[in-house]
């Protein structure tokens, strides 16, 4: 459970502005969580690894939302809570706000971040790309890279879901990668 | 003097309840806290439209009984904090101040990675911190 602990410290650091945990530590930690779940514990069951990583994110989001909503009035509707995620919550965790928020007014929200912090230093392994010189494997390599990046997005998805469910909004969250480092999170609120 | 404080989860499940009296009246105080939950629900479901305190976390005086005053606080995550006091003239600012500190203590307690959300808070640090806050209640107004 060491990983959650470290993020807690990181979180408290932001609050007190005196104690901080290096951002690169958190970033490496996330990378390490993903790699140990995907290549170690559940190497042959990617869905299970994804669920586990999402569950860790859920707990982190759950606890963070408790702290970040401390000094604000209660939210009246879903949109207000989502706006809170986009603005205050995102700035606390990623030092920037969500760039674009879209909704169909029927319970689906799309949060677009044009430069998602945890993807900003991520690149596609060139050795995989050169392998793609032959027609068919190219698509496969691309697919594989997208899959690897997708694995890193289960954690932030869990954070969003954890935060919203603690605010009384049960939902499902998925992520889309358009072109690095932009990515969008799709929130579907369960009626 | 504060005689009882409680933290109640969003499904009205008790997370922490502690009385601070010498006498053996814990059951009576628990009953008072239990009754106050209905008042909290009522306040939240039928808010007074004109009130400027709409959706504020601090709910104010929930109800007075013969010997006690009961105050409530509802967080964004639907966790209720309840305070029972025997003081008859309590300053609003003191109560707000108390709840702010109490809330901060609660947030720190549930941020513990070993705490299971929705389960009772068993942390000894939390208990100590709460009793310190309870003891300091109202002291600032004396000075």
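The numbers here are math on the coordinates, done by the rules we state, and not lab data. Keep in mind the model is a prediction, meaning the values are calculated, not measured. Note that we place each Cβ from the backbone using ideal geometry, even for glycine, and neighbour counts take in every protein chain shown.
Among A:26, A:93, A:110, which comes first, second and so on when ranked by fewest other beta-carbon atoms within 10 Å?
Lowest count first: A:110, A:26, A:93.
If you build a Gaussian network model of chain B, linking Cα atoms that sit under 10 Å apart, which residue out of B:69, B:119, B:80 swings the most?
B:119
Order these by the 10 Å Cβ neighbour count, fewest first: B:58, B:137.
In order of increasing Cβ crowding within 10 Å: B:58, B:137.
Going by the alpha-carbon gyration tensor, a ≥ b ≥ c the square roots of its eigenvalues, is region B:62-143 rounded (a/c under 1.5) or, if a/c is not under 1.5, prolate (a/b greater than b/c) versus oblate?
It is prolate, given that a/c is not under 1.5 and a/b is the larger ratio.
Listing A:171, B:35, A:38 from the residue with the fewest other Cβ atoms within 10 Å to the one with the most, what is the order?
Ranking A:171, B:35, A:38 by Cβ neighbours within 10 Å, fewest first, gives B:35, A:171, A:38.
In the Gaussian network model of chain B, springs joining C-alpha atoms below 10 Å, which of B:41, B:87, B:24 carries the largest mean-square fluctuation?
Comparing B:41, B:87, B:24 in a Gaussian network model of chain B, the most mobile one is B:24.
At what distance in nm do the modelled label points of residue A:123 and residue A:178 sit from each other, each positioned 7 Å from its Cα along Cα→Cβ?
Each label point is offset 7 Å from its Cα along the Cβ direction, giving 2.4 nm.
Let a ≥ b ≥ c be the square roots of the eigenvalues of the Cα gyration tensor of region B:2-142; is it rounded (a/c under 1.5), or, if not, prolate (a/b larger than b/c) or oblate?
rounded
Is it possible to state the helix-based mean residue ellipticity at 222 nm for chain B, with each DSSP H run of 4+ residues giving -39500 (n - 2.57), the sum divided by total residues, to the nearest 500 deg cm²/dmol? What is it?
-12500 deg cm²/dmol
Compute the relative contact order of chain B as a whole-number percentage, counting only Cα pairs closer than 8 Å that sit 6 or more residues apart in sequence.
Value for chain B: 25 percent.
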